[in-house]
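The structure appears right after this line, and notes come after that.
The values are calculated or read from the model by the stated rules, or taken from the named source; none is laboratory data. All values derive from a computational prediction rather than experimental measurement. Note: ideal-geometry Cβ built from the backbone for every residue, glycine included; neighbour counts use all protein chains shown.
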Amino acid sequence: MRVRTIGGVMAASLCVLLATSTASFAADPPQYSSQAVTLKQDMRKLWTDHVVWTRCYIIAAVGDQPDAPAAATRLMKNQEDIGKAIAVVYGAPAGQQLTTLLKEHISIAVDLIKAAKAGDKAAQQQADTKWHQNATQIADFLSKANPNWPRPTLVDMMNKHLSTTTDEVVARLNKRWDDDVRAFDAVYDHILHMADALSDGIIKQFPAKFGGAVGTTGVR
């Protein structure tokens, strides 16, 4: 019991370290206005929180640690934070709609982890199908909001987010620690690319609001 408690503390400490260390980003290229730089930094922070707190939950849930509910609660708050950021640009109804879709994204992930841990292949497949359907709904929502976010590209981005996260869960469940580390590196690298693509799309759609940044092309 003591080993489990110590492990939980270590996992929690690791998550805090990740959350604080990954919140700092390299300076943006000089062609971005100060408003655009702020948007890109804020977007990276929000999506970094998304994958860091997802990892914290995975670690706690797979290890039967008592901090799993707290990690899940903080993860759900992140979905609200992302929705609020979108609301600033697209209005409160749009922000709430995205929050709802993202909370469903997390709820399904929780179900998938439970099924995978229990070895219930049928339930895991069912959750995975729902997860990809939800990802498509998120891509549909975003592509309708901004012409610089093509739907096929967003679907690909969301599906890659799901596949890299699944790799992370599977590696941890099977105690393949090196694979687990590589999986999170892939998750983190991809989410930064996704955050930047979303920011660039907003900057291009609203150049007057973000200082008329040069060289932005939306989702690539």
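Residue check, LYS175 against (1) under 18 Å from the mean Cα position of the chain (by Cα); (2) not in a helix (DSSP H, G or I), all met but one. Which one?
Single failed check for LYS175: (1).
When you look at ASP64, is it acidic (Asp, Glu) and in a helix (DSSP H, G or I), yes or no?
Taking the combined requirement at face value, the residue does not satisfy it.
Run ARG55 past the list (1) touching a Gly at 6+ places or on another chain (Cβ under 7 Å); (2) within 21 Å of PHE184 (Cα to Cα) and report the number of the one that doesn't hold.
Only one criterion is unmet by ARG55, namely (1).
Does ARG44 count as closer than 26 Å to GLN97 by Cβ, part of a helix (DSSP H, G or I) and within 11 Å of the chain's Cα centre (by Cα)?
In short, yes.
Residue check, GLY201 against (1) over 17 Å from the mean Cα position of the chain (by Cα); (2) closer than 23 Å to LYS103 by Cβ; (3) touching a residue at least 60 places away in the same chain (Cβ under 8 Å), all met but one. Which one?
GLY201 satisfies all of (1) over 17 Å from the mean Cα position of the chain (by Cα); (2) closer than 23 Å to LYS103 by Cβ; (3) touching a residue at least 60 places away in the same chain (Cβ under 8 Å) except (3).
Please find, among ILE108, ILE82, ILE113, the residue that is touching a Phe, Trp or Tyr at 6+ places or on another chain (Cβ under 6 Å), in a helix (DSSP H, G or I) and of a type outside the set (Gly, Ala, Ser).
ILE108
Check off (1) of a type in the set (Lys, Arg); (2) over 30 Å from GLN31 (Cα atoms); (3) out of contact with any helix residue (DSSP H, G or I) (no Cβ under 8 Å at 6 or more places or on another chain); (4) surrounded by 17 or more Cβ atoms within 10 Å (Cβ to Cβ) for LYS175 and give me the number that stays unchecked.
So LYS175 meets the others, but not (4).
Of ILE113, ILE106, ILE138, which residue is under 13 Å from the mean Cα position of the chain (by Cα), closer than 22 Å to ILE59 by Cα and among the β-branched types (Val, Ile, Thr)?
ILE106
Residue under question is TRP131, and the condition is that it be more than 29 Å from ALA36 (Cα to Cα) and either in a helix (DSSP H, G or I) or touching a residue at least 24 places away in the same chain (Cβ under 8 Å) (or both); does it hold?
Considered against the rule, which asks whether it is more than 29 Å from ALA36 (Cα to Cα) and either in a helix (DSSP H, G or I) or touching a residue at least 24 places away in the same chain (Cβ under 8 Å) (or both), TRP131 comes out as yes.
Looking only at residues in the range 203-220 that are of a type in the set (A, V, I, L, M) and at pLDDT 55 or above, which one is farthest from PRO150 (Cα to Cα)?
Residue satisfying both the conditions and the ranking: ALA208.
Return the residues of the range 62-86 that are closer than 20 Å to ILE191 by Cβ and either of a type in the set (Lys, Arg) or out of contact with any Ser or Thr (no Cβ under 8 Å at 6 or more places or on another chain) (or both); say none if nothing qualifies.
Residues satisfying the conditions are ALA71, ALA72, ARG74, MET76, LYS77, ASN78, ASP81, LYS84, ALA85, ILE86.
What about ALA70, is it free of Cβ contacts under 8 Å to residues at least 60 places away in the same chain, more than 30 Å from ALA208 (Cβ to Cβ), small (Gly, Ala, Ser) and surrounded by fewer than 16 Cβ atoms within 10 Å (Cβ to Cβ)?
yes
Checking MET158 against (1) assigned to a loop (DSSP other than H, G, I, E, B); (2) surrounded by 15 or more Cβ atoms within 10 Å (Cβ to Cβ), which test does it fail?
With (1) assigned to a loop (DSSP other than H, G, I, E, B); (2) surrounded by 15 or more Cβ atoms within 10 Å (Cβ to Cβ) applied to MET158, the lone miss is (1).
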